[in-house]
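Peer 1: Handing you this structure, nothing more for now.
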Amino acid sequence: MVRPIKTAVFPVAGLGTRFLPATKAMPKEMLPVVDRPVIQIAVDEAREAGIEHFVFVTGRNKSVIEDHFDTAFELESVLKARGRQAEIDRLASGLPKPGQASFTRQREPLGLGHAVWCARQLVGDEPFALLLPDMVMHASPGCLRQMIDVYEARGGGNVLAVEEVPWDQVSRYGVVGAAEWQGNAFSVTGMVEKPRTQEEAPSNLIISGRYILQPDIFAEIEKQAPGAGGEIQITDAMIRLMARQPFHGLKYNGTTYDCGDKVGFLSANVAFALDRPDLAPGFRAALRRILGTDIP
Ligand code: G1P
């Protein structure tokens, strides 16, 4: 029996400078895709995959995220007085159960690896999932669910979700080398964080923001010197861990929208809106007016 994945870590300390002025007073993780904040979409994905402990690595200016995952007493009592039970139920269904959410702060912006390391006491000595909320996955079953299936089928270890991107985009991401494909799953043979040239990239399969990691990663992060961008990179710590433990890759079924990027964020809104039976007809009509043509 492999050890079950019950904890998920969500790094949400980033400043969101690419979305100013929208993110001046509001965390970028609260930007909505249709009517759900991007952080809610990641939490929903984790819950669907069986996660029971939701660990948020936050920073100053992020307390709204904590409020979002709490009851909103005044709002709910007004909704109740107005008989709006469907809205009350919808709000409740998005919440972790009492005691299932933990919050800690990354005090300095030292990189993603450092943010993950800040969660070590809350995670403990258990394998865990890591979800980067900026990367919004449009998939059914969800990306993390698909990864846990691979984790169980391949006897544990570490798992990375990957996605193929055009070669001219590889330098924005962590990139993996792949071998021994079995269906959509493969063995990771190497990783490069933000390759400077296309030649440096082992493939055009990028690490798309979902990880299953063994707790040994924390000790590797501790040994890690700053890498790309002068930051402590999770990819560099994973490269060290790969010397001792298997890393599996999964080209998951679905599409990733990089909501840290304006075009990715706008695309996510279009894709999720077209998926909503209550919105799609009206939205299609609006798009037809904007574009002057039908969309498929
Ligand atoms: C991080 C990771 C990178 C991954 C990317 C996905 O980079 O370091 O390997 O491909 O997330 O979004 P960041 O976006 O923090 O620069």
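Peer 1: Could you tell me the distance between the Cα centroids of segment 265-296 and segment 179-221, to the nearest Å?
Peer 2: Measuring centre to centre over Cα atoms gives 34 Å.
Peer 1: Over segment 1-128, what portion of Cα pair distances is larger than 19 Å, expressed as a whole percent?
Peer 2: Beyond 19 Å sits 54 percent of the P(r) for segment 1-128.
Peer 1: Accessible area of Asp261, 1.4 Å probe, to the nearest 10 Å²?
Peer 2: The accessible area comes out at roughly 50 Å².
Peer 1: Now, a different point. Given Lys62/Lys262; Lys24/Lys194; Lys97/Lys194; Lys24/Lys223, which pairs have Cα atoms separated by over 31 Å?
Peer 2: Lys97/Lys194; Lys24/Lys223
Peer 1: From the mean inverse distance of alpha carbon pairs (Kirkwood) and the Cα radius of gyration, derive Rg over Rh for segment 182-274. All intermediate terms of the calculation are to be shown ahead of the outcome.
Peer 2: On the way: Rg = 15.4 Å, Rh = 15.3 Å.
So for segment 182-274, dividing Rg by the Kirkwood Rh gives 1.00.
Peer 1: Suppose we keep just the alpha-carbon trace of the chain; what are its Rg and Dmax in angstrom?
Peer 2: 19.5, 63
Peer 1: Along the positive direction of the dipole of the chain (beta-carbon charges: Lys, Arg +1; Asp, Glu -1; about the Cα centre), which of Phe247, Ile212, Val2 reaches farthest?
Peer 2: Ile212
Peer 1: Quick check: from the Cα gyration tensor, does segment 161-225 come out rounded (a/c under 1.5), prolate or oblate?
Peer 2: Numbers: a/c = 2.03, a/b = 1.24, b/c = 1.64.
Here segment 161-225 falls in the oblate category.
Peer 1: Continuing with this model, one more query. Which whole-Hz ³J(HN,Hα) couplings does segment 36-49 yield from phi under the Karplus relation 6.51 cos²θ - 1.76 cosθ + 1.60, θ = phi - 60°, glycine and proline marked x?
Peer 2: 10, x, 4, 5, 5, 4, 5, 5, 4, 4, 5, 4, 4, 8
Peer 1: Please report the antiparallel percentage of DSSP beta bridges with both residues in segment 1-135, rounded to the nearest 5. Numbers along the way, then the final one.
Peer 2: On the way: 2 of 14 bridges.
Just about 15 percent of them are antiparallel.
Peer 1: Here's another thing I want to ask about it. Are there GluC sites (Glu not before Pro) in segment 197-285 that DSSP marks as loop and that have at most 15 other Cβ atoms within 10 Å, and which are they?
Peer 2: Hits after loop and neighbour filter: Glu199, Glu200.
Peer 1: Considering only DSSP beta bridges with both partners in the chain, what is the antiparallel share in %, to the nearest 5?
Peer 2: Just about 60 percent of them are antiparallel.
Peer 1: Please give the per residue volume of the convex hull enclosing the alpha carbon atoms of segment 220-263, rounded to a whole number of Å³.
Peer 2: 104 Å³
Peer 1: Same structure, new question: What are the equivalent ellipsoid semi-axes of segment 137-296, built from the alpha-carbon gyration tensor (square roots of five times its eigenvalues), in whole angstrom, biggest first? Please report the intermediate quantities before stating the final value.
Peer 2: Details: eigenvalues 221, 71, 39 Å².
The equivalent ellipsoid of segment 137-296 has semi-axes of 33, 19, 14 Å.
Peer 1: Relative contact order of the chain, please, whole-number percent, based on alpha carbon pairs below 8 angstrom and at least 6 residues apart.
Peer 2: About 21 percent, as a whole number.
Peer 1: Right, here's the next one. Among rounded, prolate and oblate, which fits segment 246-296 when a ≥ b ≥ c are the square roots of the eigenvalues of its C-alpha gyration tensor, a/c under 1.5 means rounded, and a/b larger than b/c means prolate? Write out the running numbers ahead of the final one.
Peer 2: Numbers: a/c = 3.01, a/b = 2.21, b/c = 1.36.
Prolate, since a/c reaches 1.5 and a/b exceeds b/c.
Peer 1: Report the accessible area of Thr104, computed with a 1.4 Å probe over the heavy atoms of all protein chains in place, in Å² rounded to the nearest 10.
Peer 2: Here the accessible area works out near 30 Å².
Peer 1: If you filter segment 25-111 for trypsin sites (Lys or Arg not before Pro), then keep DSSP loop positions with at most 12 other Cβ within 10 Å, what is left? Numbers along the way, then the final one.
Peer 2: Working: sites: Lys28, Arg47, Arg60, Lys62, Lys80, Arg82, Arg84, Arg90, Arg105, Arg107; in loops: Arg60, Lys62, Arg82, Arg84, Arg107.
Taking segment 25-111 and a limit of 12 other Cβ atoms within 10 Å, the loop trypsin sites (Lys or Arg not before Pro) found are Arg60, Arg82, Arg107.
Peer 1: Stick to the Cα atoms of segment 81-192, pair each with every other, and give me the Kirkwood hydrodynamic radius in Å at one decimal.
Peer 2: 17.7 Å
Peer 1: Also, quick follow-up: Assuming a viscosity of 0.890 mPa s and a temperature of 25 °C, what translational diffusion coefficient in µm² per second does Stokes-Einstein assign to segment 1-50, Rh being the Kirkwood radius over Cα pairs? Display every interim value, and only then the final one.
Peer 2: Details: Rh = 12.5 Å.
Translational D for this selection: 196 µm²/s.
The values are calculated or read from the model by the stated rules, or taken from the named source; none is laboratory data. As the structure is a prediction and not an experimental result, all values here were calculated from the model. For neighbour counting, all protein chains shown are included, and Cβ atoms are generated from backbone atoms with ideal geometry for every residue, glycine included. The area values use the complete protein model at the heavy-atom level, side chains included, leaving out ligands, DNA and RNA. Shrake-Rupley method; radii C 1.70, N 1.55, O 1.52, S 1.80 Å.
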